[in-house]
Amino acid sequence: MLTNNSNHILDKFQVSVSKDWAFSDSRSTNNLTHGYHRYPAKFIPQIVQKLIETYTVEGDKIVDVFAGCGTTLVESKIHGRRSEGVDINPVAQLITKAKINPINPRVLDTEIKKVLLAIKSFNPANDKMIEKHPRIDYWFESEAKQKIAFLYEIILDIEKEKVRDFLLCGLSNIFKNCSKWLQSSTKPQVDPDKKISEVFFSFEFQIKRMQKKNNEFYETLKASGLLRSSCSIKLADARKTKIRSNSANAIITSPPYVTSYEYADIHQLTGYWFDYISDITSFRKDFIGTFYSNNRDFETQVPIARDIVDKMMPISKKKAGEIANYFNDMYNVAKEMHRILLPGGVVCLVIGNTMVKDVEIKSAEGFAEILSQQGFEIEEVIKREIPTKLIPTIRDTKTGKFTTLDNKDKKFVYPEEFIIIGRKLV
Ligand SMILES: C[S@@+](CC[C@H](N)C(=O)[O-])C[C@H]1O[C@@H](n2cnc3c(N)ncnc32)[C@H](O)[C@@H]1O
């Protein structure tokens, strides 16, 4: 049963699309370090930029509890705000570390030249046994495997941590192209006919592209005196971070969707190579919104969520459980965000709704209700259209996951999302 508060929240979502937040004709979303590494459902930097400019002032502290590839942190740094992020995914942490830590261009150039020179000494005949997870053999041809192992060893020997992270991030981003993974898919799927890219060529190309961006980022920050502004990323669960209580002026974040992207699976190539994963089942378990959740508890304290769970129950008990689990996880995240924010602090949450088995999963409305239950005032709800080039628009009607055109169960979804602005009551 929906309550008066639920209806009040739902009313707030009856807004028309705001043209001010579309950014359809914006410049690239890959400026500075933003394009170092592909990452599903990442923010476009322009949204974060506008939120930072609207809701914070210089010197404020901004937190992102689902930091992903670090868009909020990079933009905070550029704008002279202190920032702290967490994500449960070690690949996200690696990418973010590389993106927020610009390297002196002279130092980077010297280190890159050393690595490129070392590549010339590669001799497959000299190679030793590579002891890696067996899944590496499933995804990589033996020559690619030898070359990646060779690069990985060289990079791990580099003393300067920032350079090491930069090169590991670059290496990670070529794994998809250099493996049998179906290029157009975020799902782990082998393409038997794939034209696989050569490792050393791809690596050099990737690193040189990143080097140019690093140099621009470094010079931009240097010119504005922001090179040393405080910015950090930690591996942690958004439901229980170690971020200090009452410390942030703003939280700018976008939570995972319910059962859409399996980040643990999507990033398995890097996970296996860099030894983040020994067993994929336990690696997946702390990711919120995962399809693999084993929840048997269909209860939720959020009336809007309960309504969705009730609608799903006769269609799929398993999905109903996943949805209840998702909202219960979000309940704990909202509690944590409330703890972290200063009284009067603001949470800016970018979130879209989705359809699973023809039931609309109103994640945005559900999250807004959770925020209001936790002591936030919903100050504004903004509806924005997402330019179709930025996100997949086709979903599988059975699973709700993003899919490809050749799937017979596909359905087009209209790319819209909400920005919820909630204020922690004083
Ligand atoms: C929509 S993405 C965020 C993308 C980010 N805004 C960006 O620009 O890259 C959601 C993120 O939530 C993370 N995540 C999932 N479960 C989590 C948890 N329990 N704690 C922290 N992060 C989690 C995923 O790893 C993913 O990076």
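Read-outs: derived from the displayed coordinates by stated rules, not from any lab. Since the model is a prediction, treat every value here as computed from it, not as a measurement. A quick note on method: Cβ atoms are made from the backbone with ideal geometry, for glycine too, and the neighbour counts reach across all protein chains shown.
Descriptive notes on the structure:
- Footprinting exposure proxy for Tyr263, Tyr292 (fewest neighbouring C-beta atoms within 10 Å first): Tyr292, Tyr263
- Segments 373-384, 1-12, 115-126 sorted - mean Cβ within 10 Å per residue, highest first: 373-384, 1-12, 115-126
- Rounded, prolate or oblate (a/c below 1.5 giving rounded, otherwise prolate when a/b exceeds b/c) for the stretch 267-354 by Cα gyration tensor: oblate
- Degrees, to the nearest 10: 199-223 long Cα axis against longest axis of the chain: 60 degrees
- FRET efficiency for the His8 to Ser184 pair, using the beta carbon distance and R₀ = 45 Å, is estimated at 0.55.
- Within the chain, the proportion of C-alpha pairs whose separation exceeds 43 Å stands at 13%.
- Compared with the alpha-carbon gap, the fully stretched path from Phe201 to Glu58 is longer by 47.3 nm at 0.36 nm per residue.
- Multiplying the residue separation of Gln46 and Ser230 by 0.36 nm and removing their Cα-Cα distance gives an extension gain of 64.1 nm.
- Counting other Cβ atoms within 10 Å as a rough exposure proxy, the listed residues Trp21, Trp273 run Trp21, Trp273 from fewest neighbours to most.
- Overall form of the stretch 1-155: prolate. Here a/c, set by the Cα gyration tensor axes a ≥ b ≥ c, is 1.5 or more, and a/b is the larger of a/b and b/c.
- Each helix, a run of at least 4 DSSP H residues, gives -39500 (n - 2.57); summed and divided by the residues of the chain, these come to -12500 deg cm²/dmol at 222 nm.
- Computed about the Cα centre, the dipole magnitude for the chain is approximately 520 debye when only Lys and Arg (+1) and Asp and Glu (-1) carry charge, each at its Cβ.
- For a label point 7 Å along the Cα-to-beta-carbon line of Glu216, residues of the stretch 14-44 with backbone N under 18 Å: 25-39, 43-44
- Segment Lys194-Lys208, extension gain: residue separation times 0.36 nm, minus the distance between their alpha carbons: 2.6 nm
- The stretch 212-270 shape via C-alpha gyration tensor axes, a/c threshold 1.5: oblate
- Alpha-carbon centroids, the stretch 274-293 and the stretch 81-98: separation in whole Å: 18 Å
- Antiparallel content of DSSP bridges confined to the chain, in %, to 5: 60 percent
- When the Cα positions of Ile370, Ser83, Asn353 are compared along the charge dipole of the chain, Ser83 comes out farthest toward the positive end, with charges on each C-beta of Lys, Arg, Asp and Glu.
- A Förster distance of 35 Å, applied to the separation of the beta-carbon atoms of Asn407 and Asp137, puts the FRET efficiency at 0.80.
- Once the Cβ-Cβ distance of Asp25 and Leu116 is raised to the sixth power relative to R0 = 60 Å, the FRET efficiency obtained is 0.95.
- About its Cα centre, the stretch 94-250 has a charge dipole of approximately 700 debye under the convention of +1 per Lys or Arg Cβ and -1 per Asp or Glu Cβ, with nothing else charged.
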